[in-house]
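In what follows, a single structure is set out as structure tokens and then discussed.
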Amino acid sequence: MAGLKSLLLINSLKQNFSRLTVYNYRQITYKSQLLNRDDKQPNRISKKDINPSSSGRSSESTPKNNVGDAEQRSYKYFTNLMHDAKSGEITRSNVDCITTDMLDKKLDSDSNNTSALSDSNRTSNISSELVDLPPSLLKPAIPKTSFNLAAYVNENITLTNLVKLGVDLSKVEKDVDVAEFLVKADFESSIKPYITFLIDQGVGESDLGDCITHFAAIFLEPLDDLQIRVNYLAAKHFSRESIVSIITKAPSLLGLPVKKIDAHLGNLQQLFRLSGDEVRAVVTRYPKIATWNKVSIQVIQFAFKDELGFTAEQSKEMLLMCPKLFLSNKYSLIKRFDYLHSVIGYSREDLMVWPQVLRIRQSHVSPRYQFLKLIGRDQFDAKKENYVSLKLLVMGRDAEFCENVAKVPVARYNEFLKTL
């Protein structure tokens, strides 16, 4: 049991040798106090009980006594080890060479030393040695486990280089498999080839960080598969500029098998009766739509046709103008349409001119509409004078809105907002 305890102590020492800080000093002091308390309290195991030959203790209690003895002996060795580190006789590089046998020999030699310091003197000695330790030994060690990658950046060349490229590790670490891979990966052999691949496809150096941040799982994909997917897009007559746009805006598309990419593009073409050029235009404008399944897009298409009253042709036109609209939440979309159409009074034809307005929050539109209504400038009929278009209503800052639309000082609008 003593040998096992020694092994555990030396493993702990090897993992935390570079963290000899005040925290370690407090832990050592606490252990010293425990040892003193054990000697003073009669109801605890005393030093006399440690030697089974001098007491009537049964053999069942011997393992515990041996463990206590090993802790005291290991404590002495830990103190001596810090002294050696101070004098330069031992460094971080040769700590790994320490074995359990070496520890046991050292402990045996220390146990015969009758001139050891008392616990209180030993504690003060440790305090002075900690202060005098070289700065190189005081920097934090790499934690064995962590909830984030930031703890490894200073010691891991792969993570350091990714940060220099502009990768946001706080987003990357959400994928545990990717995070574990990056911590263990060699930059030259496992990471650099993928960066070279992205650059060869035309991704700019300024876009590499965002590209990897949004699809760090690219490092888990075989390079040959990535090239096959790029070749597929080229075979579908996507221009090089379109391919670069797709990789930059939706790099996760490279993580889909060719069959799935082809199925998504086919479904998009079939649902809206698009031509080949129109499919390429939609995907180039908003590549993420090619990663969504048919059902999600079909739900929004159904809402436009059967709940909002748009025709199939109008839905197609809005798709070509604003593909992102068809990835919206259905209930939010219906709520915004109802406010713009039923409350404010914009026609469907007005919404067709600038369908992006259906993605703007009602909390942004409502105060401006109410203010215009208060001052008598709520004119939303395109056939009449002083018509307020959708863009004029929702675009620009409050100061621009007050100057160009409301024709009042922005201070008055700010006072109105306080009443809401």
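Each value in this text was obtained by applying a stated rule to the coordinates, not by laboratory testing. Please read these numbers as outputs of a predicted model, since none were measured by experiment. No Cβ is skipped: glycine too gets one built from the backbone with ideal geometry, and neighbour counts run over all protein chains shown.
Evaluate the following for I247: is it touching a helix residue (DSSP H, G or I) at 6+ places or on another chain (Cβ under 6 Å) and either of a type outside the set (D, E, K, R) or in a helix (DSSP H, G or I) (or both)? Criteria not met by I247. Within region 352-385, being assigned to a helix (DSSP H, G or I), over 38 Å from the mean Cα position of the chain (by Cα) and in contact (Cβ under 8 Å) with a residue 24 or more places away in the chain holds for M352, V353, Y369, Q370, F371, L372, L374, I375. Filtering region 243-256 for residues that are of a type in the set (S, T, Y) and without any contact (Cβ under 8 Å) to a residue 24 or more places away in the chain leaves an empty set. The residues of region 219-232 that are of a type in the set (D, E) and not in a helix (DSSP H, G or I) amount to a single one, E221. Residues in region 190-218 that are under 24 Å from P257 (Cα atoms), among the polar types (S, T, N, Q) and assigned to a helix (DSSP H, G or I): S190, T196, T213. Note on region 261-276: residues that are part of a helix (DSSP H, G or I) and buried (at least 16 other Cβ atoms within 10 Å of the Cβ) total 7.
The residues in region 167-209 that are crowded, with 17+ Cβ neighbours inside 10 Å and touching a Gly at 6+ places or on another chain (Cβ under 6 Å) can be counted, and the count is 1.
Taken as a whole, the condition of being in contact with a helix residue (DSSP H, G or I) (Cβ under 9 Å, 6 or more places away or on another chain), over 15 Å from Y339 (Cα atoms), free of Cβ contacts under 8 Å to residues at least 60 places away in the same chain and not in a helix (DSSP H, G or I) applies to V388. Looking only at region 378-412, residues that are surrounded by fewer than 15 Cβ atoms within 10 Å (Cβ to Cβ) and touching a Lys or Arg at 6+ places or on another chain (Cβ under 8 Å) come to 2 in all. Within region 158-189, the set of residues being assigned to a helix (DSSP H, G or I) and more than 14 Å from L220 (Cα to Cα) comprises T158, L159, T160, N161, L162, V163, K164, L165, L169, S170, K171, E188. Of the candidates V279, V258, V353, V343, the single residue that is surrounded by fewer than 16 Cβ atoms within 10 Å (Cβ to Cβ), farther than 29 Å from Y413 by Cβ and of a type in the set (V, I, T) is V258.
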